[in-house]
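**Student:** First, the structure itself, so that you have it in front of you.
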Amino acid sequence: MTQKTLDYDALGITPADVYEQMGYHGAEPDEATRCETYAVIREVTPWLRPRFCYQVVRERPAFDMGKIILGQLRGSEAYALFICTAGTEYEAYQQQLKEEGDMVRLFIADALGSVVAEKCADRMEEHLQQTIDKLGWHHTNRFSPGYCGWHVSQQQLLFPLFGGQTCGVRLTDSSLMLPIKSVSGIVGIGEKVRRLDYTCGLCDLKQCYKRR
């Protein structure tokens with residue numbers, strides 16, 4: 001099991017990343033929104049501690065992932081199961097904004113939290129690649145329950161494989177991760193696999209963030 005705690009600077013987040021998540025799609029928000037975004041970033045930077053953990057297994061777990069993901073994992077010699085999270089501290093921060101009724105900052109914090117979780121997963125992929133470089137291996141895209149035909153309820157099969165070492169992330173009965181700003185899933189690794197552009201044409205999930 002590999003576990004790592006990061007800080008805000010390690011994530012390499014830009015304001016443009018947050019604006020994109022907020023729905024601006026390359027456009028600049030108004031000055032007031034930009035100022036509030038910078039204020040939220042300044043507020044969370046000193047204490048933010050996103051985390052990731054992953055473990056490599058030789059045999060692919062018996063997940064019902066669907067043909068799209070199975071096709072992308074074909075040729076893998078091993079698999080990395082992962083969990084990444086913005087952290088319980090960030091969840092508490094969002095709850096504080098909600099209790100204060102600061103809907104503008106809550107909206108920004110929601111977008112920022114999503115970016116934090118995804119950037120943390122990016123750092124996880126980089127760390128994973130460093131560990132398999134010596135084998136001459138590569139890795140596939142990461143795939144998560146809830147996307148590409150892999151039902152979110154399969155979280156209930158994924159999480160027990162971590163033996164309780166889940167970076168503080170837990171599941172509800174409905175398979176929702178808490179903290180909400182968390183990402184979990186699987187990555188294929190091996191000599192003949194590659195990380196590809198996300199093939200949105202093969203997937204019918206219209207709300208997927210990768211379509212942006």
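The values are calculated or read from the model by the stated rules, or taken from the named source; none is laboratory data. Predicted, not measured: the structure shown is a model, and the values here were computed from it. Glycine also receives a Cβ, built like all others from the backbone with ideal geometry; neighbour counts cover every protein chain displayed. Just so you know, the surface numbers come from the protein's heavy atoms only, side chains and all, with ligands and any DNA or RNA stripped out. Shrake-Rupley method; radii C 1.70, N 1.55, O 1.52, S 1.80 Å.
**Student:** Please give the length that would be gained between ASP30 and MET103 if that part of the chain were fully extended, namely 0.36 nm times their separation in residues minus their C-alpha to C-alpha distance (nm, one decimal).
**Tutor:** So the chain would gain 24.6 nm between ASP30 and MET103.
**Student:** Nothing charged except the Cβ atoms of Lys and Arg (+1) and of Asp and Glu (-1): what's the magnitude of the dipole of the stretch 1-64 about its Cα centre? Round to the nearest 20 debye.
**Tutor:** 520 debye
**Student:** Give me the percent of Cα-Cα pairs in the chain that sit more than 31 Å apart, rounded to a whole number.
**Tutor:** Roughly 21 percent, once rounded to a whole number.
**Student:** Could you work out [θ]222 nm for the chain from helices alone, using -39500 (n - 2.57) per DSSP H run of at least four and dividing by all its residues? Round to the nearest 500 deg cm²/dmol.
**Tutor:** Rounded to the nearest 500, the figure is -11500 deg cm²/dmol.
**Student:** Considering only TYR93, CYS35, MET103, whose Cα is most displaced toward the positive end of the charge dipole of the chain, charges sitting on Cβ of Lys, Arg (+1) and Asp, Glu (-1)?
**Tutor:** The residue sitting most towards the positive pole is TYR93.
**Student:** At a threshold of 8 angstrom on Cα-Cα distance, excluding pairs fewer than six apart, so keeping six or more, what relative contact order does the chain reach in percent?
**Tutor:** Relative contact order for the chain comes out at 28 percent.
**Student:** Please name which of VAL44, PHE63, TYR24 has its Cα lying farthest along the dipole of the stretch 1-67 towards the positive end, using unit charges on Cβ (Lys, Arg +1; Asp, Glu -1) and the Cα centre as origin.
**Tutor:** PHE63
**Student:** What percentage of the solvent-accessible surface of the chain, computed with a 1.4 Å probe over protein heavy atoms, is contributed by carbon and sulfur atoms?
**Tutor:** 50 percent
**Student:** With a Förster radius of 45 Å, plug the Cβ-Cβ distance of ARG42 and GLU191 into 1/(1 + (r/R0)^6) and report the FRET value to the nearest 0.05.
**Tutor:** My answer for the efficiency is 0.50.
**Student:** Say we join alpha carbon atoms closer than 10 Å with springs in a Gaussian network model of the chain; which of CYS53, CYS167, CYS148 then has the biggest fluctuation?
**Tutor:** CYS148
**Student:** Which whole-number percent is the relative contact order of the stretch 4-66 (Cα, under 8 Å, 6+ apart)?
**Tutor:** Taking the mean separation of contacting Cα pairs over the length of the stretch 4-66, I get 53 percent.
**Student:** Taking a quarter of the surface of the Cα convex hull of the stretch 60-158, what do you get in nm²?
**Tutor:** 7.7 nm²
**Student:** Ordered by residue, what ³J(HN,Hα) values in Hz, to whole numbers, does the stretch 38-45 give under the Karplus form 6.51 cos²θ - 1.76 cosθ + 1.60, where θ = phi - 60° and Gly and Pro are x?
**Tutor:** Karplus-based 3J(HN,Hα) across the stretch 38-45 equals 4, 5, 5, 4, 4, 5, 8, 3 Hz.
**Student:** Tell me, what HN-Hα J-couplings in whole Hz come from the Karplus equation 6.51 cos²θ - 1.76 cosθ + 1.60 at θ = phi - 60° for each residue of the stretch 79-95, using x for Gly and Pro?
**Tutor:** For the stretch 79-95, the Karplus-derived couplings read 9, 9, 9, 9, 9, 10, 8, 6, x, 5, 4, 5, 4, 5, 4, 5, 5 Hz, x marking Gly and Pro.
**Student:** Mind checking the dipole of the stretch 1-134: about its Cα centre, +1 per Lys or Arg Cβ, -1 per Asp or Glu Cβ, Debye to the nearest 20?
**Tutor:** I would put it at about 720 debye.
**Student:** With an 8 Å Cα cut-off and a minimum separation of 6 or more residues, compute the relative contact order for the stretch 113-187 in percent.
**Tutor:** Dividing the mean separation by the residue count of the stretch 113-187 yields 38 percent.
**Student:** Something else now. So what's Rg/Rh here for the stretch 18-76, counting alpha carbon atoms and using the Kirkwood radius for Rh?
**Tutor:** 1.24
**Student:** Now, a different point. Once amide H atoms are built 1.01 Å from N in the peptide plane, which residues 5 or more positions from ARG195, or in another chain, come under 5 Å H to H?
**Tutor:** The list, which skips near neighbours in sequence, is HIS139.
**Student:** Beyond 17 Å, how much of the Cα-Cα pair distribution for the stretch 1-47 remains, as a whole percent?
**Tutor:** In whole percent, the share of Cα-Cα pairs in the stretch 1-47 beyond 17 Å is 42.
**Student:** Over the stretch 59-144, average the accessible area per residue using a 1.4 Å probe and give it in Å², no decimals.
**Tutor:** Per-residue accessible area for the stretch 59-144 comes out at 44 Å².
**Student:** To continue, here is another question. What FRET efficiency comes out for ARG58 versus GLN129 if R0 is 22 angstrom and r is the Cβ-Cβ distance? Round to the nearest 0.05.
**Tutor:** 0.75
**Student:** To the nearest 0.05, what FRET efficiency results for MET1 and GLN96 with a Förster distance of 25 Å applied to their C-beta separation?
**Tutor:** Step by step, r from the Cβ atoms, then E = 0.20.
**Student:** Explain nothing, just the number: dipole magnitude of the stretch 64-173 about its Cα centre with +1 on each Lys and Arg Cβ and -1 on each Asp and Glu Cβ, in debye rounded to the nearest 20.
**Tutor:** Magnitude of the dipole: close to 380 debye.
**Student:** Across the stretch 1-134, how many lysine pairs, 8 or more apart or on two chains, come within less than 27 Å at their alpha-carbon atoms?
**Tutor:** Lysine pairs meeting both conditions in the stretch 1-134 amount to 5.
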